[in-house]
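Take a look at the structure set out below.
The values are calculated or read from the model by the stated rules, or taken from the named source; none is laboratory data. In this text, all values refer to a predicted model and were calculated from it rather than measured experimentally. Cβ placement follows ideal geometry from the backbone for every residue including glycine, while neighbour counts extend to all protein chains displayed. All accessible areas refer to the heavy atoms of the entire protein, side chains included, with ligands and DNA or RNA removed. Shrake-Rupley method; radii C 1.70, N 1.55, O 1.52, S 1.80 Å.
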Amino acid sequence: MLYLTKDGEISKKDFSRASFCSLFKDLNTRDLRPVFSPLQVSTILPYEDLVIVNLGFLKCVLTSESVYFSVHNN
């Protein structure tokens, strides 16, 4: 997964599902299904302080401070 800060710094981070979910304390693990499930339909889910986007090939979580995303080639 790639991590982009609002300052433009980008880095690669490896997360387990549990450690990634722990970054977003107000979300339940099932709320992040669009990011982890390969068979999930395209989705844009707005929450109070973040947005989860699943476009099939692009999956990301956008916050006011950073973006976590991954790109999948099918």
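What are the residues in region 14-45 that are open to solvent by 80 Å² or more (accessible area, probe 1.4 Å) and closer than 16 Å to Lys59 by Cα, if any? Outline the logic, then answer.
So in region 14-45, the residues open to solvent by 80 Å² or more (accessible area, probe 1.4 Å) come out as 14, 17, 25-26, 30, 33, 38-39, 41-42, 44.
Scanning region 14-45 gives Asp14, Arg17, Arg30, Arg33, Pro38, Leu39, Val41, Ser42, Ile44.
Of all residues in region 46-64, those satisfying the criterion of being touching a strand residue (DSSP E or B) at 6+ places or on another chain (Cβ under 7 Å) and surrounded by fewer than 15 Cβ atoms within 10 Å (Cβ to Cβ) are Asp49, Val51, Phe57, Leu58, Thr63. Of all residues in region 1-22, those satisfying the criterion of being out of contact with any Ser or Thr (no Cβ under 6 Å at 6 or more places or on another chain), more than 11 Å from Tyr68 (Cα to Cα) and either without any contact (Cβ under 8 Å) to a residue 12 or more places away in the chain or among the aromatic types (Phe, Trp, Tyr) (or both) are Asp7, Gly8, Glu9, Ser16, Ala18, Ser19, Ser22.
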